[in-house]
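Below: one structure, written as structure tokens.
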Amino acid sequence: MIALVLATTPLFAINIILNQYAERRAVTEMEAMGSATIHRAEEAISTTVSLLQRLDRDNVQTCSAEDRVIFEQQIVEHGMIDALGLADAAGQRMCIIPDRELAGKTILPPLRDEGPLVGIGMLDRNYLGARAAVISWDLKDRTRLFAEVTPAVIAMDPGPEFLRSYRRAELRLGDNLLWYSVGGYNSEETGAEDTLSVEVASELYPLRATVSAPMSAAKQMVQDLKVVAAAACGGVALLFVAIGVWLSWRPESEANDEFIAAIRNGEFIPYYQPVMDIETHRLRGCEVLMRWRRPNGMVISPGQFMAYAENNGHIFDMTRHIMRVSADEIGELYGENPDLKLSINLFAGHFLDREIVTDVKSIFEKSSISFQQIVVEVTERHPLEDMELARKIIAELQALGVRVALDDVGTGHGGMAYLQKLGVDIIKIDKMFIDTIGLDDSSTTIVDSMVELADNLGMGIIAEGVELEEQIDRLLELGVTAAQGYYFAPPMPADEFIEFAARVEDEARDRERLSAEASAAEEAATKAA
């Protein structure tokens, strides 16, 4: 009986703890989803209002041919805007670009003498649960400039996997005007005690995002852990728990000393994953990825140590070490091929002071790798604490010739804010979107939107995690020409990467030679004919 009690008591406690953790995690994710939706809506409204105000200041206030040309230019420059035009006091379109049938349809409420300068409404057109918004600016002459905002601006909120199939997200404007709705869960059919609901309000506009999900969806995240916990409460549960506790409670200082010794002994080594040009099949460069090679030869992936290194401040020494080793190992290859790029991953802490600028200067200034060949990657998964300082540091790096890439685009905190404020040069499409490209319409649309955004902002774009030839074909159709992933090669040590680079270059030269010979033969045949 004592053994039974001792074995089952932890099971009840673990179930309670796991349920509480699942609820907290779900609420946190739902708040992030709501905040992301609000942020995208705020950006769309603010950008559109600024455009309409600028048109007003520039006296672009009529349906004349000259003003229509300006409307067309602004639509091309602002990918989020589908149409621009002029509406009368009754709210009916007077003209619209691109040209379409006016049909006397009312798209705005009647103009009021003391009404606000800015008006926001919804159109019937929708996409993936989001409606097209219409935003107006009062010209004070009984007419209004208006812009129709594409639904794709707001219709991009996948959420975490464990909530994606169950959550319902809504974005409402004003009292109860629905702008965006996704998901099929109905909280009215479930008791309040079984429902998780989060509401996020905008501080700038009358916007309110609501995200709801059943508690059962959150609990699914820990279901496997509950099964494991139940199995562990067998006859030898106490022994296993005792051994686990003894091992896991090893003094932190001992583990930290081991980590510091590993850094000092050079156990953290660079692996290089090729970045390929999928049109020409030539090498564009590589991304440097960190591995931990233990004295026994075992190689440990970064997922098992990177969080510890970042949280304890070891990542700075490790990054410096990786940069030095990379400069030594592949410096000669890069010196002979000045077009190759070397991507180095940084984390949010690197942008809290200028030390990273000093490190890049001191390590690469006298190496065979030029500043123009270096790309530093900042991930969107972890928020930057001081955006203004980060922008200054990035500007200093760019002044040296270093390019800056935004990694994991579409999966984290930054979104459009990072692209606008940080001034990045390259965006990298996360593997999450590449996995389902061509299979899932929303993923294809998201990638297409990213490519269009990169083109409009003059940025480069790289697809990550490419594993299938079908993905290559779809990326080429969408206009993406650079990619990395196991389809081409896994991350590899320096000697293997140098061999890979030589092999790719030889194959490219052979293709060029065969193409030249074929062209010469065709020309000769043409002359003979």
Checking A508 against (1) open to solvent by 20 Å² or more (accessible area, probe 1.4 Å); (2) in contact with a Lys or Arg (Cβ under 7 Å, 6 or more places away or on another chain): exactly one of these is not met. Which one? (1)
Output for the stretch 124-138, where each listed residue is open to solvent by 20 Å² or more (accessible area, probe 1.4 Å) and touching a strand residue (DSSP E or B) at 6+ places or on another chain (Cβ under 6 Å): R125, G129, R131, W137
Just wondering, is there one or more residues in the stretch 457-471 that are charged (D, E, K, R), more than 27 Å from M432 (Cα to Cα) and either open to solvent by 70 Å² or more (accessible area, probe 1.4 Å) or modelled with pLDDT of 90 or more (or both)? no
Tell me which of these T143 doesn't satisfy, since it passes every other one: (1) modelled with pLDDT under 85; (2) surrounded by fewer than 21 Cβ atoms within 10 Å (Cβ to Cβ). (1)
Test A529 against the criterion of being open to solvent by less than 60 Å² (accessible area, probe 1.4 Å), at pLDDT below 90, more than 30 Å from T444 (Cα to Cα) and not basic (K, R), and give yes or no. no
For R25, indicate whether it is of a type outside the set (V, I, T), out of contact with any Pro (no Cβ under 9 Å at 6 or more places or on another chain) and either modelled with pLDDT of 80 or more or within 25 Å of V118 (Cβ to Cβ) (or both). no
Filtering the stretch 314-343 down to residues that are open to solvent by 30 Å² or more (accessible area, probe 1.4 Å) and within 25 Å of the chain's Cα centre (by Cα), which residue is farthest from I263 (Cα to Cα)? K341
Of all residues in the stretch 279-320, which are within 17 Å of A494 (Cα to Cα), hydroxyl-bearing (S, T, Y) and in contact (Cβ under 8 Å) with a residue 24 or more places away in the chain? T319
Options T47, T37, T28: the member that is open to solvent by 50 Å² or more (accessible area, probe 1.4 Å) and within 21 Å of the chain's Cα centre (by Cα): T28
In the stretch 391-410, the residues that are touching a residue at least 40 places away in the same chain (Cβ under 8 Å) and of a type outside the set (D, E, K, R): I393, I394, L397, L400, V402, A405, V409, G410
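The values are calculated or read from the model by the stated rules, or taken from the named source; none is laboratory data. None of these values were measured; they are calculated from a predicted model. With ideal geometry, Cβ positions are generated from the backbone for all residues, glycine too; neighbour counts draw on all protein chains shown. Note: areas computed on protein heavy atoms with side chains; ligands, DNA, RNA excluded. Shrake-Rupley method; radii C 1.70, N 1.55, O 1.52, S 1.80 Å.
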